[in-house]
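Here is the structure we will look at, set down as structure tokens.
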Amino acid sequence: MTPEQVQTLITDRLSATACEVNGDGAHFYARIASPRFDGLGLLARHRLVKDALKDVIDSGELHALSLEKTLTPAEWAAR
Amino acid sequence: MSIQDSIRQTVTENPVVLFMKGTPTFPQCGFSAGAVQILKNLGANFVAVNVLENAEVRQGIKEYANWPTIPQLYIKGEFVGGSDIMKELFSTGELEKMLQD
């Protein structure tokens, strides 16, 4: 996968309002803003992302994804 | 005792537990090394469980918190998160607070 493909997957599946992905094809680093994080703690936000990408993680297409930021749109705008 | 019971006992009888690959002195994985570094930076006393020494624990811990990866940090019996969450909680100062409580 390319960083752009990962970015598209996250944006589509999490209705992300912002998404930055860096990576080398094996390990990716993502910063995500999504309204679906509203009212959730950090652990629940990470679970939401991993669950949304479960099929491509399980299949090995997406080998490793570090979540650097999981913010609500308001938190993203304020940073 | 089942493996799930034994994990429950470990995380409830010790205030801070890190399930990791390798030991704090010789971590066998970059993410586990990073997790140890964060806890050492905060001067935390923690119990480290090397999952590479026990295949049952290695599999069982993934089911215990329904979390697929290692390292895993537990504070007072509660699953805190893996290495990304530890990094983020460390950078905001929240982890230090959680360890003090």
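The values are calculated or read from the model by the stated rules, or taken from the named source; none is laboratory data. Computed from a predicted model, the values in this text were never measured in an experiment. Using ideal geometry, Cβ is built from the backbone for each residue, glycine included, and neighbour counts are taken over all protein chains shown. Note: accessible area is taken over every heavy atom of the protein model, side chains too, but ligands, DNA and RNA are not part of it. Shrake-Rupley method; radii C 1.70, N 1.55, O 1.52, S 1.80 Å.
The table that follows gives values for the structure above.
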| read-out | value |
| --- | --- |
| Count of the range B:67-101 residues which are farther than 11 Å from B:L42 by Cβ and of a type in the set (A, V, I, L, M, F, W, C) | 7 |
| Residues (basic (K, R), within 13 Å of another protein chain (Cβ to nearest Cβ) and over 17 Å from A:A74 (Cβ atoms)) located in the range A:10-59 | A:R47, A:K50, A:K54 |
| The range A:31-51: number of residues that are open to solvent by less than 70 Å² (accessible area, probe 1.4 Å) and in contact with a Pro (Cβ under 9 Å, 6 or more places away or on another chain) | 5 |
| Strands (runs of 3 or more DSSP E) fully within the range B:4-101 counting 3 or more residues that are within 13 Å of another protein chain (Cβ to nearest Cβ) and out of contact with any Cys (no Cβ under 9 Å at 6 or more places or on another chain) | B:72-75, B:78-81 |
| Flag if B:V47 is open to solvent by 20 Å² or more (accessible area, probe 1.4 Å), within 19 Å of B:D101 (Cβ to Cβ) and free of Cβ contacts under 8 Å to residues at least 40 places away in the same chain | yes |
| Pair list, Cβ < 7 Å and 6+ apart or interchain, from the range B:81-99 residues that are in contact (Cβ under 8 Å) with a residue 60 or more places away in the chain to residues that are among the aliphatic types (A, V, I, L, M) | B:L99/B:V16; B:L99/B:L42; B:L99/B:A44; B:L99/B:I75 |
| Among (1) at pLDDT 95 or above; (2) assigned to a loop (DSSP other than H, G, I, E, B); (3) over 15 Å from the mean Cα position of the chain (by Cα) - the single one A:A74 does not satisfy | (2) |
| Options B:I7, B:I75, B:I61; residue that is among the β-branched types (V, I, T), open to solvent by less than 20 Å² (accessible area, probe 1.4 Å), touching a helix residue (DSSP H, G or I) at 6+ places or on another chain (Cβ under 8 Å) and under 20 Å from A:R45 (Cβ atoms) | B:I75 |
| Hits in the range B:10-40 (condition: open to solvent by 70 Å² or more (accessible area, probe 1.4 Å), free of Cβ contacts under 8 Å to residues at least 24 places away in the same chain and hydrophobic (A, V, I, L, M, F, W, C)) | B:F26 |
